[in-house]
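Everything on this sheet refers to the single structure shown next.
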Amino acid sequence: MDLNEIRQKIDQLDCQIVQLLKNRMESARIAMTFKETTFDEQREKQILEVLSQCESALLRSDFIKDVYSLILKESKNIQESIGPVIAFQGEHGAYSESACMVWDPKLAPMPCHEFADVFSGVEQGVYDYGIVPVENTLGGMVGAVNGQLIKSDLHIVGAVKMAINHCLLAVPGTDYRAIRRVYSHPQALTQCREYLKRHNLEPVAHYDTAGAARILAEERPAATAAIASKLSSRFYNLSIIQEQIEDLDTNQTRFVVISRDANKNHGSKCSIVFATPDKAGALFGVLELFAKKNINLTRIDSMPDAPGEFAFFLDFEGSIDDPEVAGILEQVEQSCHHYRFLGCYDEKVAL
Ligand SMILES: O=C(O)C(=O)C[C@]1(C(=O)O)C=C[C@@H](O)C=C1
């Protein structure tokens, strides 16, 4: 053991402490959605009492008290000052979180385990917004998200089209020539296959790109790097060895922003979902309505809904405020079942 090793261990622990503090502040912010006022004297007393029992020779109870007084003070500050929150699926540093920042950097991003948690959290009012990926140029439609869009009553209030640029990240001070293996989600590893082959790097599958970066920062295994977003490098204090290491530069994801309330200010794009009657030409009849009015469709996708039935997703350029658009939608609604207007919104592009 030497000072360098000890300092590495300290860096690793600090990284975990900061992540835990972030998680704690997020929980405190969410707690606020279930109560009227921030300060709860009883609860704070209870927290301090329980924690002071963890004292030991190197962790004095006065120190625990001081640290927690500061944490609780900041927790109340966060509860009082942080505005709307936006939920995303994945860990901090996920590409969905980068998309949150493109959409509105003033919103506070909150991580969720599953897409279903994003939808249910927004439905329950725990989160003001959610951001979810609907389609990717390489992977196609994201089934789990589109399935939720069919079932849910939430509105689409925005969209982000974003390039997915993978970075090779390593613990600061790592000599890139010493890297032998790379952690990431299987999809990201596949998208960088040629790069990994060229540099003789062994891919190691992890459940999540940002999760791979976090584990790298926390565990600091030798000769190892991770493929993740640029944002992950910031959050987990990792160095960027190389940016844009994907084999194809056509990797783009389109995200939608969902909310309980529909947009007050309509945008220039609309999304609908519907199921056509099971008869010849039914879908053609719907598409023809748009073609006749020269309205450009930007997405058409289908997925099984009920047995023997398909839900069609249609995005187009136009505003619900345009009487011609409103007229077409009225006709679509009359000729289809399970019709739902998903939203009229603006799309931001970060390519
Ligand atoms: O438990 C609550 O009610 C919270 O709002 C969370 C919390 C905390 O950070 O632990 C924050 C402020 C309260 O005074 C008590 C506790």
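The values are calculated or read from the model by the stated rules, or taken from the named source; none is laboratory data. Computed from a predicted structure; not experimentally measured. Here the Cβ positions follow ideal geometry from the backbone for every residue, glycine too, while neighbour counts run over all protein chains shown. When the accessible area is computed, the model is the full protein with side chains, heavy atoms only, and any ligands, DNA or RNA have been set aside. Shrake-Rupley method; radii C 1.70, N 1.55, O 1.52, S 1.80 Å.
Ligands, DNA and RNA are left out, and with a 1.4 angstrom probe the accessible area of region 3-81 is 76 Å² per residue. At a 1.4 Å probe, what is the % contribution of carbon and sulfur to the accessible area of region 3-81? Carbon-and-sulfur percentage of accessible area, whole number: 55.
Straightening the chain between E80 and A306 buys 76.9 nm, computed as 0.36 nm per residue apart minus the Cα-Cα spacing.
Please give the length that would be gained between Y176 and Q331 if that part of the chain were fully extended, namely 0.36 nm times their separation in residues minus their C-alpha to C-alpha distance (nm, one decimal).
49.8 nm
In the chain, the calculated helix contribution to ellipticity at 222 nm averages -12500 deg cm²/dmol per residue, counting -39,500 (n - 2.57) for every DSSP H run with n ≥ 4. Using a cutoff of 8 angstrom between alpha carbon atoms and counting only pairs six or more residues apart, the relative contact order for region 3-81 works out to 39 percent. If a spin label sat at a point 7 angstrom from the Cα of A116 along the line to its beta carbon, the backbone N atoms of region 153-172 nearer than 19 Å would be those of 153-154.
Shown for region 167-242: the carbon plus sulfur share of the solvent-accessible area, taken with all protein chains present and a 1.4 angstrom probe, equals 48%. What does the C-alpha gyration tensor say about the overall shape of region 63-144? Classify as rounded when a/c is under 1.5, otherwise prolate if a/b is larger than b/c, or oblate. Prolate is the answer for region 63-144, as a/c is 1.5 or above and a/b outweighs b/c.
Note on the chain: GNM, Cα springs under 10 Å; of A217, A306, A116, the largest mean-square fluctuation is that of A306.
Comparing N200, N263, N237 in a Gaussian network model of the chain, where Cα atoms under 10 Å apart are tied by springs, the biggest mean-square fluctuation is seen for N200. Averaging Cα coordinates gives a centre for region 197-243 and one for region 161-187; these two points are 4 Å apart.
For M162, neighbours were defined as the other residues whose beta-carbon sits under 10 Å from its Cβ, and their charges (Lys and Arg +1, Asp and Glu -1) total +3. The overall shape of the chain is oblate: from the C-alpha gyration tensor, with semi-axes ordered a ≥ b ≥ c, the ratio a/c is 1.5 or greater and a/b is no larger than b/c. For region 1-98, the list of GluC sites (Glu not before Pro) that fall in a loop by DSSP and count at most 16 other C-beta atoms within 10 angstrom reads E36, E55. Charged neighbours of A306, selected by a Cβ distance under 14 Å, balance to -2 (K, R count +1; D, E count -1). Multiplying the residue separation of N23 and D278 by 0.36 nm and removing their Cα-Cα distance gives an extension gain of 86.9 nm.
For a test of the definition: using alpha carbon positions, the gyration tensor, and the 1.5 limit on a/c, classify region 3-81 as rounded, prolate or oblate. Taking the square roots of the gyration eigenvalues as a ≥ b ≥ c, region 3-81 is oblate.
Applying 1/(1 + (r/R0)^6) with r as the Cβ-Cβ distance of I30 and K65 and R0 = 25 angstrom yields a FRET efficiency of 0.50.
Of the residues R180, R260, R60, which exhibits the maximal mean-square fluctuation in a Gaussian network model of the chain defined by a 10 Å Cα contact cut-off? Fluctuation is largest for R60.
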